[in-house]
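A.B. asks: Sharing a structure here in structure tokens format.
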Amino acid sequence: MAVSKIDFNCPSCGKKNRVKIKNIYSKEDITEVLNRNVFKVECSKCKNITTLDYPFTYIDDKYIIYYNMEDTIEENKIKRSCKTFDDIKEKILIFNDELNDILIEYIKLFIESELKKDNIFSEVRYDSLVNDELRFYVINKKEYANIPYSFYNDLLNKGKFKEVKDAAVIDANTCLKYFHL
Ligand SMILES: [Zn+2]
């Protein structure tokens, strides 16, 4: 079992606790991972619930995402590394909708540059695939921006992709290394 123990001091009563946490999550845990319940731990003394962020690996049939962990699994799947919880959450959403994350990062840059023309400076996150549209969340506007699936598909067919080796970080800073038109 991929389980380890970590210590934390209860912020409510100060008790030093040792809890077991899982290092590997899979498809069955997706809801608990996405809503961050996997980070919730209980103080053995006062029962206060604390959120504890820790590294783990998320393994799906088709992909593996390392959340602040080393690439150690020898399997021929898509592999990615993520450093923040928002990043891994977004990756899981993208891969579960069977989309190409490199292209999604590219489209996010495109949306961000379009918003800049209207003096809106905001980070954009992939949210969901609704009917024939890709939905992105514009954080500073608290609104969604929708992109037709056909736009995505056009870029997917026209673009040139470079193979991603090992568990790379694919984000706004790196996606252009792997994609061009
Ligand atoms: Zn406590």
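The values are calculated or read from the model by the stated rules, or taken from the named source; none is laboratory data. Just so it is clear, the structure is predicted and the values come from calculations on it, not from any experiment. Methodologically, a virtual Cβ is constructed for each residue, glycine included, from the backbone with ideal geometry; neighbour enumeration extends over all protein chains shown. These area figures cover heavy atoms from the full protein model, side chains too; ligands, DNA and RNA do not enter into them. Shrake-Rupley method; radii C 1.70, N 1.55, O 1.52, S 1.80 Å.
A.B. asks: Mind telling me which of the residues N146, N131 ends up being open to solvent by 40 Å² or more (accessible area, probe 1.4 Å) and modelled with pLDDT of 95 or more?
C.D. replies: On the way: N131 fails: modelled with pLDDT of 95 or more.
Exactly one of N146, N131 is open to solvent by 40 Å² or more (accessible area, probe 1.4 Å) and modelled with pLDDT of 95 or more, namely N146.
A.B. asks: From (1) out of contact with any Phe, Trp or Tyr (no Cβ under 7 Å at 6 or more places or on another chain); (2) over 18 Å from N96 (Cα atoms); (3) in contact (Cβ under 8 Å) with a residue 24 or more places away in the chain; (4) of a type outside the set (F, W, Y), pick out the condition that doesn't hold for L156.
C.D. replies: (2)
A.B. asks: Among the residues of region 49-67, count how many are under 13 Å from I24 (Cα atoms) and open to solvent by 80 Å² or more (accessible area, probe 1.4 Å).
C.D. replies: 0
A.B. asks: Give the residue that is farthest from the ligand (Cβ to nearest atom), with candidates limited to residues of region 33-91 that are within 14 Å of the chain's Cα centre (by Cα) and without any contact (Cβ under 8 Å) to a residue 12 or more places away in the chain.
C.D. replies: Applying the filter and picking the extreme gives T84.
A.B. asks: Follow-up question, since we're still on this one. Of all residues in region 162-181, count the ones that are more than 21 Å from I92 (Cβ to Cβ), among the hydrophobic types (A, V, I, L, M, F, W, C) and at pLDDT 95 or above. Please lay out each step first, then the result.
C.D. replies: Narrowing region 162-181 to residues more than 21 Å from I92 (Cβ to Cβ): 162-163, 165, 176-177, 180-181.
Next cut, among the hydrophobic types (A, V, I, L, M, F, W, C) only: 176, 181.
Next, only the ones that are at pLDDT 95 or above stay: 176.
Of the residues in that region, 1 qualify.
A.B. asks: Quick one: in region 7-31, of everything that is open to solvent by less than 80 Å² (accessible area, probe 1.4 Å) and among the charged types (D, E, K, R), which residue is farthest from the ligand (Cβ to nearest atom)?
C.D. replies: Applying the filter and picking the extreme gives D29.
A.B. asks: Within region 72-82, is there a residue that is more than 20 Å from D29 (Cβ to Cβ) and surrounded by fewer than 16 Cβ atoms within 10 Å (Cβ to Cβ)? Don't jump to the end; show me each part of the working.
C.D. replies: Here is the first cut: in region 72-82, the ones more than 20 Å from D29 (Cβ to Cβ) are 74, 76.
Subset that is surrounded by fewer than 16 Cβ atoms within 10 Å (Cβ to Cβ): 74, 76.
Yes: region 72-82 contains one or more residues that are more than 20 Å from D29 (Cβ to Cβ) and surrounded by fewer than 16 Cβ atoms within 10 Å (Cβ to Cβ).
A.B. asks: Separate question: When both residues are 6+ apart or on different chains and their Cβ atoms are under 9 Å apart, which pairs have a first residue that lies in region 126-142 and is farther than 16 Å from S113 by Cβ, and a second that is assigned to a loop (DSSP other than H, G, I, E, B) and open to solvent by less than 60 Å² (accessible area, probe 1.4 Å)?
C.D. replies: Going by the 9 Å Cβ cut-off, the qualifying pairs are Y126/D97; Y126/L99; S128/D97; L129/D97; L129/L99; L134/D97; L134/L99.
A.B. asks: Now, a different point. List, please: which pairs have Cβ atoms under 9 Å, are six or more places apart or on different chains, and start with a residue in region 11-29 that is over 14 Å from T57 (Cα atoms) and end with one that is open to solvent by less than 30 Å² (accessible area, probe 1.4 Å) and near the ligand (Cβ under 7 Å from one of its atoms)?
C.D. replies: From residues that are over 14 Å from T57 (Cα atoms), the pairs are P11/C43; S12/C43; C13/C43; K15/C43; K16/C10; N17/C10; N17/C43.
A.B. asks: For region 102-113, state whether one or more residues are among the hydrophobic types (A, V, I, L, M, F, W, C) and within 10 Å of the chain's Cα centre (by Cα). Steps first, answer last, please.
C.D. replies: Quick first cut of region 102-113, residues among the hydrophobic types (A, V, I, L, M, F, W, C) only: 102-104, 107, 109-111.
Now restrict to residues that are within 10 Å of the chain's Cα centre (by Cα): none.
No; the residues of region 102-113 include none that is among the hydrophobic types (A, V, I, L, M, F, W, C) and within 10 Å of the chain's Cα centre (by Cα).
A.B. asks: Inside region 6-118, counting only strands (runs of 3 or more DSSP E) that do not spill past its ends, which hold 2 or more residues that are aromatic (F, W, Y)?
C.D. replies: Details: elements: 16-22, 24-26, 40-42, 49-51, 56-59, 63-67, 78-82.
Passing ranges, in order: 56-59, 63-67.
A.B. asks: Shifting gears a bit: Quick check on this structure: which one of I94, I107, I139 is surrounded by fewer than 18 Cβ atoms within 10 Å (Cβ to Cβ) and β-branched (V, I, T)? Reasoning before the result, please.
C.D. replies: Working: I94 fails: surrounded by fewer than 18 Cβ atoms within 10 Å (Cβ to Cβ); I107 fails: surrounded by fewer than 18 Cβ atoms within 10 Å (Cβ to Cβ).
When all the criteria are applied, what remains is I139.
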